[in-house]
Amino acid sequence: MKERIIILGAGVMQGPAITIAKDMGLETFVVDANPEAPCIHLADHFQCIDLKDKEGVEDFARSLKENGGLSGILTAGTDFSATVAWTAEKLGLPGIPYETALDASDKQRMRCRFKAAGVPSPEFTILNQIPREDYLLPFDFPGVVKPVDNMGSRGCRKINSPRDLADAVRDALGFSRSGRVIVEEYMDGPEFSVDAIVYHGEITICGLADRHIFFPPCFIEMGHTMPTILDEKKQEELLETFAQGIKALGINHGAAKGDIKLTSRGPMIGEIAARLSGGYMSGWTYPYASGVEPTRGAIMVATGKRPDKLEPVKYWTSAERAFISIPGTVKSVRGVEEAGAVKYVKEIFLRTGEGSQVRFPENNVSKCGNIISAAPTREEAVHAADFAARTILIRLDTRDHETEAFLTSETDFPPGAFILDAALVDQLESLPKGNITLDSGKSLSIYPFPDFTQSGILDYTGRSIAQVFAAAGSLTGYTLEIIEPDGPPKDKFLGREFWQSLIRGGYQGAVYYIDSLSAEQITQG
């Protein structure tokens with residue numbers, strides 16, 4: 001009879017655990033609240049249970065143990081390591097104590113454990129309601145507000161003033177199941193992610209990655225690159241601090257995932273979770289870079305076995321990059337097949353399609369998709385992932401007023417695709433509005449904006465202005481040609497409003513503007 005294992009979650013992040021467990025000869029029982037979760041078909045059996053229902057998961061696990069046996073339970077990339085620990089403790093399966101899992105799931109408890117053990121981490125305070133205007137933090141601004149019990153940067157925001165604090169706490173409370181928010185000192189410096197397998201207190205590191213965080217005041221990870229390019233001495237300092245955090249939390253048997261920053265005061269822990277990472281790291285980028293499957297090690301530990309095969313067998317680089325959208329309704333997605341054909345691209349995860357509602361991401365779970373590459377060198381891997389991400393083009397429907405509202409607003413967040421200095425803003429305002437009748441299949445004349453087009457400025461995805469023009473032309477079928485400043489005058493051209501849409505929304509803004517003109521002409525015709 002096969003050994004049996006329960007895996008909590010049947011989403012994309014749990015796919016590697018299900019597949020690897022089956023490859024190891026285990027009979028897999030997958031639990032998820034969603035009967036249409038995308039990786040259910042990979043498992044031998046599925047049980048529909050809300051992962052917050054720890055007693056329900058315990059009852060299911062007990063029925064398996066008493067009717068054929070059960071060797072272990074685990075999760076990867078979910079918030080529910082506490083449900084795993086509860087069930088393992090109740091049934092005598094390998095794992096960590098339930099209280100330890102709570103310490104690693106609740107940021108208030110986590111910070112208290114770190115502070116008691118002297119592990120470097122930021123000062124903090126806890127709020128359960130929106131503070132008054134005269135409320136004083138026990139440390140100086142800037143700070144960071146987070147719900148104590150959520151992941152994926154949901155409700156996480158940097159704050160610089162008391163007004164920021166009140167707004168951020170209001171938002172974060174909406175993401176907290178327990179109605180509590182943690183406010184921490186802001187940690188400067190670059191951020192890193194790390195995975196580890198822990199067997200009876202013995203810690204094996206499984207990858208240290210550079211995280212690429214953008215779009216303040218939110219913390220949006222637009223990708224990570226594995227392995228880090230940090231020098232070895234600083235890596236050792238980071239990993240020693242991470243190990244201190246693991247020990248302070250009492251994670252002595254299972255997996256641990258950490259986010260850690262190298263600040264001006266040295267390494268400081270953002271957080272540590274008692275599970276393998278999500279974000280494509282443990283299941284994809286580290287295996288592609290090293291030839292090691294941390295998930296296999298976690299399964300072995302969860303079933304009471306000493307993990308093996310955790311030493312790297314190759315030294316490649318793997319890069320993960322996200323692609324995003326401005327707000328609106330998706331009309332079409334193009335370039336997926338072309339992106340997949342880019343040399344060294346290994347995976348494309350597309351989370352949007354025709355008719356999808358999209359928003360500019362405010363956390364790490366609201367992006368349109370991800371690219372993963374792997375190559376012998378860092379330069380090749382990064383270029384492949386970046387190029388493939390820019391190859392995928394999302395066209396928006398002109399009937400969604402959220403797109404129009406975004407393109408005509410001037411908010412700092414969501415940001416514009418291009419950030420102009422004051423001189424360029426003044427020049428933009430002085431451009432003529434434009435006047436044109438669209439004629440399908442022909443070129444469109446664009447009024448010149450030379451100081452912008454010759455500036456070398458890139459949009460927030462790394463596209464040049466020429467690449468934005470090419471993407472817009474590809475989607476609309478028009479050739480976009482800038483009028484020569486010293487050439488003969490044109491009485492029909494796209495002017496200031498076109499440039500404003502392009503600068504605010506990148507290629508999507510330019511396409512939306514042209515599509516809107518076309519729709520208006522059809523209506524008037």
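Per-structure values
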read-out	value
Per residue, in Å², the accessible surface of the range 388-525 once ligands and nucleic acids are set aside, probe 1.4 Å	50 Å²
Those lysines that a straight Cα-Cα span of less than 18 Å connects to LYS52, excepting residues fewer than 8 apart in one chain	LYS90, LYS107
Extension gain (nm, one decimal) between ALA423 and ILE483, 0.36 nm per residue minus Cα-Cα	19.5 nm
3J(HN,Hα) from dihedral phi, the range 304-310, Karplus parametrisation 6.51/-1.76/1.60, rounded to Hz, x for glycine, proline	x, 10, 5, x, 9, 6, 9
Accessible surface of the chain, 1.4 Å probe, proportion on carbon and sulfur as whole %	50 percent
Nonlocal amide H pairs with TYR186, under 5 Å, H built at 1.01 Å	GLY143, VAL144
Exposure ranking of ARG170, ARG265, ARG390 by accessible area [1.4 Å probe, largest first]	ARG265, ARG170, ARG390
Cβ charges +1 (Lys, Arg) and -1 (Asp, Glu), total dipole of the chain, debye	1000 debye
Interchain or long-range residues, amide H under 5 Å from GLY223's placed H	HIS212, ALA322
Sites GLU202 and LYS90, calculated FRET efficiency, Cβ-Cβ separation with R0 35 Å, nearest 0.05	0.85
Selection from GLY335, VAL183, TYR286, by position along the positive dipole direction of the chain (Cβ)	TYR286
Accessible surface, the range 261-363, averaged per residue in Å² (probe 1.4 Å)	41 Å²
Gain on full stretching of the segment that runs from ARG334 to SER63 - 0.36 nm per residue minus C-alpha separation	92.8 nm
Calculated [θ] (222 nm, deg cm²/dmol) that DSSP helices of n ≥ 4 give over the chain, each run adding -39,500 (n - 2.57)	-10000 deg cm²/dmol
Amide hydrogen neighbours beyond the local backbone of THR317, cut-off 5 Å, H modeled	ALA375, THR377
Ordering of 29-42, 357-370, 83-96 by burial proxy (mean other Cβ atoms within 10 Å per residue, highest first)	83-96, 357-370, 29-42
Relative packing of peptides 305-316, 147-158, 467-478 - highest average C-beta neighbours within 10 Å first	147-158, 467-478, 305-316
Peptides 105-115, 72-82 ordered by average Cβ neighbours within 10 Å, highest first	72-82, 105-115
Convex hull (Cα only) mean projected area of the range 237-367, reported in nm² to one decimal	11.1 nm²
Karplus 3J(HN,Hα) series, Hz, for the range 95-103 with 6.51 cos²θ - 1.76 cosθ + 1.60 (x for Gly, Pro)	x, 9, x, 4, 5, 5, 4, 5, 4
Solvent exposure of the range 29-187 as accessible area per residue, Å², 1.4 Å probe	46 Å²
Relative counts (whole %) of C-alpha pair distances in the range 1-93, using bins that are 10 Å wide	19, 56, 25, 0
Point-charge dipole on Cβ atoms (K/R +1, D/E -1) for the range 242-320, about Cα centre, debye to 20	180 debye
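The values are calculated or read from the model by the stated rules, or taken from the named source; none is laboratory data. Every value quoted in this text rests on a predicted model; they were computed, and no experiment measured them. Methodologically, a virtual Cβ is constructed for each residue, glycine included, from the backbone with ideal geometry; neighbour enumeration extends over all protein chains shown. Note: areas computed on protein heavy atoms with side chains; ligands, DNA, RNA excluded. Shrake-Rupley method; radii C 1.70, N 1.55, O 1.52, S 1.80 Å.
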